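The values are calculated or read from the model by the stated rules, or taken from the named source; none is laboratory data. Just so we're clear, the structure is a prediction, and the values are computed from it rather than from any experiment. Here the Cβ is made from the backbone with ideal geometry for all residues, glycine too, and neighbour counts use every protein chain on show. Heads up: the accessible areas ignore ligands, DNA and RNA and are worked out on the full protein's heavy atoms, side chains in. Shrake-Rupley method; radii C 1.70, N 1.55, O 1.52, S 1.80 Å.
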Amino acid sequence: MKPHLFALALAVLASSPVLAHEGHDHGDEKAALPNLGNTPQRQPDGVVFLPKAAQRLIGVRTLPVSAGEHPRGLELNGRVIVDPRHGGQVNTMQAGRIDAPADGVPLPGSKVRKGAVLAWLTPASGQIERAGQAAQLAELKAAHALAERRLARLQELADTVPAREIDAAQSELGSLAARIAAIGGGLSGREALRAPLSGVVAAVHAVPGQMVAAGETVFEIVDPDSLHVEALSYSALPAADIVGASVAAGGDSLALDFLGAGQRLREQALPLLFGRRGDGLGLRLPLGQTLSVQVELRGQVRGWAVPRQAVVRSPANEAMVWVKTAPERFTPKAIRSEVLDGTRVLVVDGLADGDRVVVDGASLINQIR
């Protein structure tokens, strides 16, 4: 008898109930031997026996594969950054205290329009500095009053006084008025922190009453329809070979356009910039998120495209997939794969046309012992 038939026979015998003879007690019926015929188990050769009931329970789904020509790919590490044409920051020009506008400080995720007041900045200054500004303001006001009276006298004598003296007096009076306004605004005025563009508030770094330093970032604003992804390449990758890229977001693969490559190394890597506009992509990928970027290169390679979740790791930490070879039998196959896009990988060795690869539930099958 073949080994697997013998094991199946043993399982059937073990699952059959054993009746007690008269006068003998075999204990509680609940303590009977388990039904090994319906128990998932891994055979010595690595093949997994998985009954139909267990397949439905863990949601096993298979997909027949066939080889085809696919674009070459390369996987790089990247992160989401601000599009400089459709995003910006609101920084403080000087140290001071943050005050809320009439409708309150905008919350992250709220929409704002260009020029809208997001907060007020009350300048912070010491008592000695403010006293000096107040004394200078008083001197300017006194000089302004004298200049007004002088201009009035010259205008009364306009027939005998040269016109250039009257023009000089008017210019001096205007200059004093402007200096009074500037110093007076510094003493009692507030600086409006306005939105540099229309968009969505990505981050708020201050609350009302908080003291901030000069040049500190208070708000970050992005356009929800813009997206820039910066990837770092540690190998010599000609820009002419790059066609585009894709990233995974919410179970979908988002195609990105190649915008250009930097000409200066950063951390011994060359930055590559990808982007796309539309469909609210800036809300699906938060600013600063790190992700894997699948770069599409020129040229074709032949292989089998399978979902990323179909590839698991063997006990030897080798890439493998599970192939359904019989209604309740799954065989592991070691593979060699390359990057394809955000949701799929390209198997270049280890499969054959017509193989039914497990695309859902592979990680659970891999745990059966």
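Taken as a whole, the condition of being touching an Asp or Glu at 6+ places or on another chain (Cβ under 9 Å), exposed (fewer than 15 other Cβ atoms within 10 Å of the Cβ), part of a loop (DSSP other than H, G, I, E, B) and at positive phi does not apply to Gly288.
Inside the range 52-76, can you point out the residues that are part of a strand (DSSP E or B) and not charged (D, E, K, R)? Don't jump to the end; show me each part of the working.
To start, the set of residues in the range 52-76 that are part of a strand (DSSP E or B) comprises 61-64, 68-76.
Within the range 52-76, Thr62, Leu63, Pro64, Gly68, His70, Pro71, Gly73, Leu74, Leu76 meet the criteria.
For the range 213-235, state whether one or more residues are modelled with pLDDT under 85, aliphatic (A, V, I, L, M) and either touching a strand residue (DSSP E or B) at 6+ places or on another chain (Cβ under 8 Å) or closer than 23 Å to Glu296 by Cα (or both). Yes; the residues of the range 213-235 include at least one that is modelled with pLDDT under 85, aliphatic (A, V, I, L, M) and either touching a strand residue (DSSP E or B) at 6+ places or on another chain (Cβ under 8 Å) or closer than 23 Å to Glu296 by Cα (or both).
Could you list, in sequence order, the residues of the range 184-203 that are modelled with pLDDT of 75 or more and not charged (D, E, K, R)?
Step one: filter the range 184-203 for residues modelled with pLDDT of 75 or more, giving 190-203.
Hits for the range 184-203 are Ala192, Leu193, Ala195, Pro196, Leu197, Ser198, Gly199, Val200, Val201, Ala202, Ala203.
For the range 334-361, the tally of residues that are open to solvent by less than 30 Å² (accessible area, probe 1.4 Å), at pLDDT 90 or above, of a type in the set (A, V, I, L, M, F, W, C) and part of a loop (DSSP other than H, G, I, E, B) stands at 2.
Restrict the check to the range 88-104 and report whether at least one residue is on the phi < 0 side of the Ramachandran plot, in a helix (DSSP H, G or I) and either without any contact (Cβ under 8 Å) to a residue 60 or more places away in the chain or under 48 Å from the mean Cα position of the chain (by Cα) (or both). No.
The set of residues in the range 35-51 that are open to solvent by 30 Å² or more (accessible area, probe 1.4 Å) and assigned to a loop (DSSP other than H, G, I, E, B) comprises Asn35, Thr39, Pro40, Gln43, Pro44, Asp45.
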